[in-house]
Amino acid sequence: MDFEEATKKVLETDDLYQFSQYTHDGQIYKTFVNTPQTLHELLEYGKKTRQWDEFIIYENERITYSEFLEKVNSVAAFLQKELGVKKGDKVAIAMRNFPEYPILLMGIVSLGAIVVFVNAWWTTSEMEYGFNDSSAKICFADKERLNVILPFAKAYGIKLIGIRSEHDNNVLDYEEEVASYPSKSLKAPNIDPKDDFGIMYTSGSTGNPKGVVLTHRGAISAVFSWLMMEKIGSYVYPEKVAAKKPSSILLLSPFFHVNGSHPNFLYGIAKGSKIILMYRWDPKQAVDIIENENITLIRAVPTVISDLVEEAITQNKSLSSLETLNAGGAKRPPPNVAREKKALPSTDISSGYGMTETNALGVSVSGDEYLENPELAGRLIGVLQDIKIVDENDKEVKSGEVGEIAIKSPANMRCYLNKKIETDEVLIDGWMHTGDLGFINSQGLVTIVDRKKNIIIRGGENISCLEVEGMLQKHQSILESIVFAVPNERFGEEVGVCINLKKKETLKKEDINQFLNDKLAKFKIPTHYWLSDDSLPRGATDKLDRIKTRKLCLNNKIKSLL
């Protein structure tokens with residue numbers, strides 16, 4: 001069968017993926033009617049799909065699904081009874097991928113409260129912005145994040161609960177206070193699918209990170225669209241079905257990234273998977289985990305996947321249990337597609353494109369289709385989404401013509417927090433305008449060719465050029481600067497900058513890096529510097545010309561700053 005025939009077959013034979021229409025703000029959307037409708041209901045659904053007794057595995061710790069649910073209820077009861085958390089309140093999580101993270105996530109959303117996914121790599125000033133923007137007054141944090149948040153916590157009235165850390169009397173202890181809190185008196189509120197469940201921060205072209213407000217319906221729509229795509233794929237590639245093993249996921253993306261929380265963790269609940277976490281990324285350790293835990297699925301950024309494949313090649317391992325190796329968060333370098341398939345011949349090499357603003361839902365590509373055309377982004381996932389390519393006047397272009405990709409879906413964000421203007425710029429009549437330029441061919445396959453936004457994607461991390469420029473302009477010696485993407489084999493892109501100094505001023509690269517060190521997360525600090533002796537290039541309207549400057553720097557027409 002082709003994809004169209006397979007989709008029809010699924011809709012005719014599987015009740016789970018039946019959908020209906022609903023209206024919101026005057027726009028008509030599609031929604032699944034027989035799936036769980038909220039993330040709290042997803043927990044109950046997960047009992048039916050269990051393929052393993054164990055659910056979360058971290059080093060020597062192994063937590064069953066039943067134990068996981070008990071811990072989730074303890075978190076919810078503690079927040080409700082001891083801290084007075086109500087539906088709609090915001091609770092932040094700031095930590096690395098410890099087992100407590102998914103427990104806290106589901107405990108918070110089970111109360112109808114809203115998780116604020118704090119970027120664990122933020123500096124103190126970035127953290128302060130996030131807490132001020134989100135108004136979260138409760139935060140669960142590990143040792144490193146406590147040290148970053150404590151300088152402003154008292155002034156903002158933030159109640160801190162420490163995870164796996166020693167702390168003073170002003171910080172509650174998770175193990176002592178929360179982990180075994182009695183949950184019998186827990187009163188679960190009524191949660192509507194349209195209620196908010198989370199706020200995830202993403203860098204944008206406006207400088208400061210934007211809080212993306214996500215709903216229960218949005219997350220559920222994404223999770224079951226991925227599952228539906230798998231069911232469709234079982235008819236397109238029936239030879240792969242018999243070889244399927246119990247689902248086992250090595251989760252390598254941070255939970256505060258939509259790739260970690262959605263197509264890995266939430267998907268894992270619905271799929272009945274076991275999920276293995278790592279303290280930090282280590283390709284040698286990952287190879288061991290894949291073999292010892294019979295890992296079947298990895299969804300991660302291309303740099304991590306490339307590291308893993310190179311390690312497998314070094315060890316001469318084929319990782320035969322691994323059924324799917326999916327790259328997301330950034331474009332996989334096209335030559336890597338064939339190289340990874342050659343190294344792991346029994347593994348399906350695939351790619352997914354989505355955004356935080358779409359709950360990570362979007363398009364995907366796999367199999368021979370991807371191997372033969374590694375430039376593809378893929379085809380639309382599931383039946384709930386619609387896609388179009390539009391010009392600068394928001395008019396749909398002809399098939400094959402390049403324009404901005406726009407997606408209409410129940411998985412789209414509700415809004416950017418506290419940013420109505422920015423929301424209205426991208427959400428137009430229910431369509432999420434992605435800022436990515438691409439085209440669709442006659443088979444419905446999408447290819448992305450460029451970005452409209454001033455965004456650098458370094459190993460899956462979005463970096464705003466304007467945010468970095470804003471910090472550079474605070475240096476007393478810098479007159480002006482232009483930040484742009486520099487190609488990098490490992491990360492895809494790195495941060496480059498061309499600066500023009502004030503008269504009689506001199507600077508070294510190390511001086512600027514030291515200045516930025518406590519102002520920007522380390523991944524945002526430029527790796528490459530160029531120094532212009534004259535004013536930076538400008539366009540016809542006297543605006544700084546980013547494209548021309550980048551070209552001059554990369555072609556060595558402007559000298560490097562050492």
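The values are calculated or read from the model by the stated rules, or taken from the named source; none is laboratory data. Since the structure is predicted, the reported quantities are computational estimates derived from the model, not experimental observations. Quick reminder, even Gly has a Cβ in these numbers, built from the backbone with ideal geometry, and neighbours come from all protein chains shown. Surface areas here come from the heavy atoms of the whole protein model, side chains and all, with no ligands, DNA or RNA. Shrake-Rupley method; radii C 1.70, N 1.55, O 1.52, S 1.80 Å.
For beta carbons closer than 9 Å, sequence separation of 6+ or different chains, a first residue in the range 478-503 that is more than 22 Å from Ala330 (Cα to Cα) and a second that is basic (Lys, Arg) and buried (at least 19 other Cβ atoms within 10 Å of the Cβ), the qualifying pairs are Ile482/Arg546; Ile482/Arg550; Cys498/Arg550. Residue selection: Leu371 satisfies the criterion of being open to solvent by 40 Å² or more (accessible area, probe 1.4 Å), more than 28 Å from Thr23 (Cα to Cα), in contact with a helix residue (DSSP H, G or I) (Cβ under 9 Å, 6 or more places away or on another chain) and not in a loop (DSSP other than H, G, I, E, B). Of all residues in the range 14-34, those that are over 16 Å from Ala222 (Cα atoms) have Cβ atoms under 8 Å from Cβ atoms of residues that are of a type in the set (S, T, N, Q) and open to solvent by 70 Å² or more (accessible area, probe 1.4 Å), 6 or more apart or on another chain, in Asp15/Asn34; Ile28/Gln21.
Quick check on this structure: which one of Phe32, Phe117, Phe55 is closer than 30 Å to Met471 by Cβ, at pLDDT 95 or above and open to solvent by less than 50 Å² (accessible area, probe 1.4 Å)? Steps first, please.
Numbers: Phe32 fails: closer than 30 Å to Met471 by Cβ; Phe55 fails: closer than 30 Å to Met471 by Cβ.
It is Phe117.
Against the criterion of being hydrophobic (A, V, I, L, M, F, W, C) and assigned to a loop (DSSP other than H, G, I, E, B), Ala411 qualifies.
Hand me the list of strands (runs of 3 or more DSSP E) wholly inside the range 4-115 holding 3 or more residues that are among the hydrophobic types (A, V, I, L, M, F, W, C) and either touching a His at 6+ places or on another chain (Cβ under 6 Å) or farther than 30 Å from Trp431 by Cα (or both).
On the way: elements: 19-24, 27-32, 54-58, 61-64, 90-94.
Passing ranges, in order: 54-58.
Which residue, of Ala179, Ala76, Ala94, is surrounded by fewer than 23 Cβ atoms within 10 Å (Cβ to Cβ), small (Gly, Ala, Ser) and within 25 Å of Leu251 (Cα to Cα)?
Values: Ala76 fails: surrounded by fewer than 23 Cβ atoms within 10 Å (Cβ to Cβ); Ala94 fails: surrounded by fewer than 23 Cβ atoms within 10 Å (Cβ to Cβ).
Sole residue among the options that is surrounded by fewer than 23 Cβ atoms within 10 Å (Cβ to Cβ), small (Gly, Ala, Ser) and within 25 Å of Leu251 (Cα to Cα): Ala179.
Does Ile269 satisfy the condition of being open to solvent by less than 10 Å² (accessible area, probe 1.4 Å), under 16 Å from Pro345 (Cα atoms), under 19 Å from the mean Cα position of the chain (by Cα) and hydrophobic (A, V, I, L, M, F, W, C)? Considered against the rule, which asks whether it is open to solvent by less than 10 Å² (accessible area, probe 1.4 Å), under 16 Å from Pro345 (Cα atoms), under 19 Å from the mean Cα position of the chain (by Cα) and hydrophobic (A, V, I, L, M, F, W, C), Ile269 comes out as no. State which residue is most open to solvent (accessible area, probe 1.4 Å) when the search covers only the range 303-319 and only residues that are modelled with pLDDT under 95 and small (Gly, Ala, Ser). Within the range 303-319, the match that is most open to solvent (accessible area, probe 1.4 Å) is Ser318. Against the criterion of being among the hydroxyl-bearing types (Ser, Thr, Tyr) and buried (at least 21 other Cβ atoms within 10 Å of the Cβ), Ser125 does not qualify.
Answer with yes or no whether Tyr174 is at pLDDT below 95 and either of a type outside the set (Phe, Trp, Tyr) or surrounded by fewer than 24 Cβ atoms within 10 Å (Cβ to Cβ) (or both).
Numbers: at pLDDT below 95: no; either of a type outside the set (Phe, Trp, Tyr) or surrounded by fewer than 24 Cβ atoms within 10 Å (Cβ to Cβ) (or both): yes.
For Tyr174, the condition - at pLDDT below 95 and either of a type outside the set (Phe, Trp, Tyr) or surrounded by fewer than 24 Cβ atoms within 10 Å (Cβ to Cβ) (or both) - is not met.
Scanning the range 437-449 for residues that are under 23 Å from the mean Cα position of the chain (by Cα), touching a residue at least 40 places away in the same chain (Cβ under 8 Å) and assigned to a strand (DSSP E or B) turns up Gly438, Val446, Thr447, Ile448, Val449. Annotation: Glu425 fulfils all but one of (1) open to solvent by 40 Å² or more (accessible area, probe 1.4 Å); (2) in contact (Cβ under 8 Å) with a residue 24 or more places away in the chain; (3) touching a strand residue (DSSP E or B) at 6+ places or on another chain (Cβ under 9 Å); the unmet one is (2).
Hey, among the residues in the range 282-311 that are over 19 Å from Ser247 (Cβ atoms) and hydrophobic (A, V, I, L, M, F, W, C), which one's nearest to the chain's Cα centre (by Cα)? Outline the logic, then answer.
Of all residues in the range 282-311, those over 19 Å from Ser247 (Cβ atoms) come to 282-285, 287-288, 301-304, 306-307, 309-311.
Then keep just the ones that are hydrophobic (A, V, I, L, M, F, W, C); that gives 287, 301, 304, 309.
Numbers: Val287: 23, Val301: 10, Val304: 14, Val309: 22 Å.
Going through the qualifying residues, I end up with Val301.
Only one entry in Val241, Val258, Val223 is crowded, with 16+ Cβ neighbours inside 10 Å and under 30 Å from Met1 (Cβ atoms), namely Val223.
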